[in-house]
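Shown next, in structure tokens, is the structure this report addresses.
The values are calculated or read from the model by the stated rules, or taken from the named source; none is laboratory data. The structure displayed is predicted, hence computed values, not measured ones. Every residue, glycine among them, receives a Cβ derived from its backbone with ideal geometry; neighbour counts consider all protein chains shown. Note: areas computed on protein heavy atoms with side chains; ligands, DNA, RNA excluded. Shrake-Rupley method; radii C 1.70, N 1.55, O 1.52, S 1.80 Å.
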Amino acid sequence: MANIICRPDWHLPESAVTPEAVYNDRRTFLRAMGFAGASALLSDALQAATAKDNLPLYPGKKSNYQVAGKATPEEWALGYNNFYEFHTQKHLVRHPQIIGKFVTEPWRLKIDGLVDKPWAGDAQDLIADMGKKGFIEERVYRFRCVEAWSMVCPWTGFALSKILDLVVPKKTAKFVRFETFFDPKMAPGFQALRNYPWPYTEGLRIDEAANELAFVATGMYGKPLPKQNGAPLRTVVPWKYGYKSIKSIVRIEFTDKQPKTLWESLSPEEYPFESNVNPAVPHPRWSQATERRLSTDERVATLKYNGYAAQVAALYK
Ligand code: MTE
């Protein structure tokens, strides 16, 4: 699929959006933010980033995908997490007692189902391969959780369409199903929420997966993904509510049936399969008209498709 570089209405030069410190001295920035634990959490992933052919994968080449305004301070994006496999308290997920047993290197990934060229191997090999092909880039996206908080993050990774190019889906493939790891020894949430239909699964229509905005993130804020944000790789689907952006993926399966997702199985009215950001459609328990920006708590109007209508509205005609 073509790697479309666009200059849409929300394009701005990178210098206008990301805190300068992120691009200058990241360690000083983290220390200044009082977030000393970050480097320890990142150490596995940093090793992985340099292990393969010493490719400079992070932050990735600059892209035209930018957002007006400042990025959310890094310590918020790395410290306020939804990762139910570990904990339901957002501030606790990253704590070493909670996430310390999570091994993300090596990481077996399988891409299969209705495809001509199934792929299986270590996630870092796939990432290194995408790097060699020049597909690793940095995109700044708005991110809107169904709970009505939002952030703006620089993600490093590659277009999800590159996976489609790699495995060549058959004509009969209509959906893509994503699955997260399931290992109660590594994550306490499986036991704490034992009635949940684990593993966490998500899905997209194949034309949604092929859309230029659908992204596989392997890093954020210029470094490999921290464990609490979904190391070693996750999707980022910026026009949908955050739960569609599944973390720590072990399997990507192409299928002819709409996949059952974890949240849809738990509550289909609250978390339907499509889940496009839409201020006009309230969640059954709260309004979606506005959202709260992480770190400033500013209330702002929610935008249809989270501001990405120009790129995705045609999918829903
Ligand atoms: N993926 C997995 N495997 N487990 C989860 O609990 N939570 C989702 C999504 N992906 C979740 C997940 C939800 S509800 C949100 S809002 C985002 O991850 C949060 O991503 P972040 O912690 O990087 O901000």
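Residue pairs, Cβ under 7 Å, 6 or more apart or interchain, first in the stretch 292-317 and polar (S, T, N, Q), second in a helix (DSSP H, G or I) and loosely packed, with under 12 Cβ neighbours inside 10 Å. List them.
Qualifying pairs under 7 Å: none.
Would you mind stating whether T156 is in contact (Cβ under 8 Å) with a residue 40 or more places away in the chain and either within 13 Å of the ligand (Cβ to nearest atom) or part of a helix (DSSP H, G or I) (or both)? Don't jump to the end; show me each part of the working.
Working: in contact (Cβ under 8 Å) with a residue 40 or more places away in the chain: yes; either within 13 Å of the ligand (Cβ to nearest atom) or part of a helix (DSSP H, G or I) (or both): no.
In short, no.
Go through the residues of the stretch 216-226 one by one and say whether even a single one is closer than 22 Å to A314 by Cα and more than 11 Å from the chain's Cα centre (by Cα).
no
All but one of (1) out of contact with any His (no Cβ under 6 Å at 6 or more places or on another chain); (2) not in a helix (DSSP H, G or I) hold for V93, so report the exception by its number.
(1)
F273: more than 13 Å from the ligand (Cβ to nearest atom), open to solvent by less than 10 Å² (accessible area, probe 1.4 Å) and either within 15 Å of G157 (Cα to Cα) or touching an Asp or Glu at 6+ places or on another chain (Cβ under 8 Å) (or both), yes or no? Can you show your working first?
Numbers: more than 13 Å from the ligand (Cβ to nearest atom): yes; open to solvent by less than 10 Å² (accessible area, probe 1.4 Å): no; either within 15 Å of G157 (Cα to Cα) or touching an Asp or Glu at 6+ places or on another chain (Cβ under 8 Å) (or both): yes.
Considered against the rule, which asks whether it is more than 13 Å from the ligand (Cβ to nearest atom), open to solvent by less than 10 Å² (accessible area, probe 1.4 Å) and either within 15 Å of G157 (Cα to Cα) or touching an Asp or Glu at 6+ places or on another chain (Cβ under 8 Å) (or both), F273 comes out as no.
Yes or no: the stretch 164-178 includes at least one residue that is within 16 Å of the ligand (Cβ to nearest atom), open to solvent by 10 Å² or more (accessible area, probe 1.4 Å) and assigned to a helix (DSSP H, G or I).
Keep residues of the stretch 164-178 that are within 16 Å of the ligand (Cβ to nearest atom), which gives 176-178.
Applying the additional criterion that residues be open to solvent by 10 Å² or more (accessible area, probe 1.4 Å) yields 177.
Retained after the next criterion (residues that are assigned to a helix (DSSP H, G or I)): none.
Within the stretch 164-178, none of the residues are within 16 Å of the ligand (Cβ to nearest atom), open to solvent by 10 Å² or more (accessible area, probe 1.4 Å) and assigned to a helix (DSSP H, G or I).
Among the residues that make up the stretch 44-58, is at least one of them modelled with pLDDT of 85 or more and in contact with a Pro (Cβ under 7 Å, 6 or more places away or on another chain)?
First, the residues of the stretch 44-58 that are modelled with pLDDT of 85 or more: 57-58.
The next check asks that each one be in contact with a Pro (Cβ under 7 Å, 6 or more places away or on another chain); those that pass are 58.
The answer is yes; a qualifying residue exists.
What strands (runs of 3 or more DSSP E) completely inside the stretch 179-270 contain at least 2 residues that are open to solvent by 10 Å² or more (accessible area, probe 1.4 Å) and more than 10 Å from the ligand (Cβ to nearest atom)?
Working: elements: 201-205, 215-220, 234-236, 249-255.
Passing ranges, in order: 249-255.
Considering only the stretch 69-91, state which residues are farther than 16 Å from P224 by Cα, in contact with a helix residue (DSSP H, G or I) (Cβ under 8 Å, 6 or more places away or on another chain) and within 11 Å of the ligand (Cβ to nearest atom). Write out each step before concluding.
Applying the first criterion (farther than 16 Å from P224 by Cα) to the stretch 69-91 yields 69-73, 76, 80-91.
If we keep only those that are in contact with a helix residue (DSSP H, G or I) (Cβ under 8 Å, 6 or more places away or on another chain) too, we end up with 71, 81-88.
Once the filter is applied, which keeps residues that are farther than 16 Å from P224 by Cα, in contact with a helix residue (DSSP H, G or I) (Cβ under 8 Å, 6 or more places away or on another chain) and within 11 Å of the ligand (Cβ to nearest atom), the stretch 69-91 yields N81, N82, F83, Y84, E85, F86, H87, T88.
State which residue is least open to solvent (accessible area, probe 1.4 Å) when the search covers only the stretch 78-103 and only residues that are in contact with a Phe, Trp or Tyr (Cβ under 9 Å, 6 or more places away or on another chain) and of a type in the set (S, T, Y).
Selected residue: Y80.
Scan the stretch 308-317 and give yes if some residue there is modelled with pLDDT under 95 and surrounded by fewer than 17 Cβ atoms within 10 Å (Cβ to Cβ), otherwise no. Write out each step before concluding.
Initially, the stretch 308-317 is screened for residues modelled with pLDDT under 95, giving 317.
From what is left, the residues that are surrounded by fewer than 17 Cβ atoms within 10 Å (Cβ to Cβ) are 317.
Among the residues of the stretch 308-317, at least one is modelled with pLDDT under 95 and surrounded by fewer than 17 Cβ atoms within 10 Å (Cβ to Cβ), which makes the answer yes.
So in the stretch 109-139, with the set limited to residues that are among the acidic types (D, E) and outside any strand (DSSP E or B), which one is surrounded by the most Cβ atoms within 10 Å (Cβ to Cβ)?
Going through the qualifying residues, I end up with D129.
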